[in-house]
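The values are calculated or read from the model by the stated rules, or taken from the named source; none is laboratory data. Since we're looking at a predicted model, the values are computed, not measured. Counting neighbours? That spans all protein chains shown, and the Cβs are built from the backbone with ideal geometry, glycine included.
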Amino acid sequence: MPPTQALPPIVIVDDNAADSFFAKRLLEEAQVPNPVFTFDDGHEAVEFLETIRRVPGSNLVPTVLFLDLNMVRMSGLDVIARVRRQSDFDGMRIIVFTSGGGDAALEAKADAAGADGFYAKFPQREVIARIVAGAAGAD
């Protein structure tokens, strides 16, 4: 029997520990089987992504990056800009979760930076499941 291929991870980046916990819980409730990495700082998340992209032939490139925009050390918009400059992450979806939901100007900035979706914290688990399934090509 051939070895099973590990699922690509999902990354959550939010400087609010309660929000990270809740986002991870939503993924669990949506029965998303992918491993989940959480970072409380945009800079740490970018360092992680820079490291894994250098691992040849790995399946470590995340399928989805759930990202808060309002962070102190490195904003979500800065994270998007850094990630989108790397072609290794072209297939990774970046989904913004923000407490600034309904802010059209903020949504436009996130879209212009390269975000693939913009949601007020937090969408229903069915929405989360669709986002992950769509990123995996199951839609």
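Listed values, structure above:
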quantity	calculated
Any hit, the range 11-26, residues being loosely packed, with under 13 Cβ neighbours inside 10 Å and either in contact (Cβ under 8 Å) with a residue 24 or more places away in the chain or not in a helix (DSSP H, G or I) (or both)	no
Conditions (1) farther than 21 Å from ILE131 by Cβ; (2) of a type in the set (D, E, K, R); (3) modelled with pLDDT of 90 or more: number failed by ARG25	(1)
Residue check, ILE80 surrounded by 13 or more Cβ atoms within 10 Å (Cβ to Cβ), part of a helix (DSSP H, G or I) and in contact with a helix residue (DSSP H, G or I) (Cβ under 6 Å, 6 or more places away or on another chain)	yes
Cβ-Cβ under 6 Å pairs, at least 6 apart or on other chains, the range 116-139 side under 17 Å from ARG25 (Cα atoms), far side among the small types (Gly, Ala, Ser) and at pLDDT 85 or above	ARG125/ALA30; ILE128/ALA30; ALA129/ALA30
Whichever residue in the range 29-61 is touching a Lys or Arg at 6+ places or on another chain (Cβ under 6 Å) and of a type in the set (D, E, K, R) and, among such residues, is surrounded by the most Cβ atoms within 10 Å (Cβ to Cβ)	ASP41
Residues within the range 104-119 that are of a type in the set (Phe, Trp, Tyr) and modelled with pLDDT of 90 or more, tallied	1
Selection from the range 83-107 of residues that are surrounded by fewer than 19 Cβ atoms within 10 Å (Cβ to Cβ) and either outside any loop (DSSP other than H, G, I, E, B) or among the aliphatic types (A, V, I, L, M) (or both)	ARG84, SER87, ASP88, ALA104, ALA105, LEU106
So VAL72, is it surrounded by fewer than 17 Cβ atoms within 10 Å (Cβ to Cβ), without any contact (Cβ under 8 Å) to a residue 12 or more places away in the chain and hydrophobic (A, V, I, L, M, F, W, C)	no
Test: VAL64 is in contact with a Lys or Arg (Cβ under 7 Å, 6 or more places away or on another chain), surrounded by 14 or more Cβ atoms within 10 Å (Cβ to Cβ) and either within 14 Å of VAL13 (Cα to Cα) or at pLDDT below 90 (or both)	yes
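The rows are residues; the columns are (1) within 13 Å of ASP14 (Cα to Cα); (2) at pLDDT below 95; (3) among the polar types (S, T, N, Q).
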{"site": "VAL72", "(1), (2), (3)": "yes, yes, no"}
{"site": "GLN86", "(1), (2), (3)": "no, yes, yes"}
{"site": "GLY102", "(1), (2), (3)": "no, yes, no"}
{"site": "LYS121", "(1), (2), (3)": "yes, yes, no"}
{"site": "GLN124", "(1), (2), (3)": "no, yes, yes"}
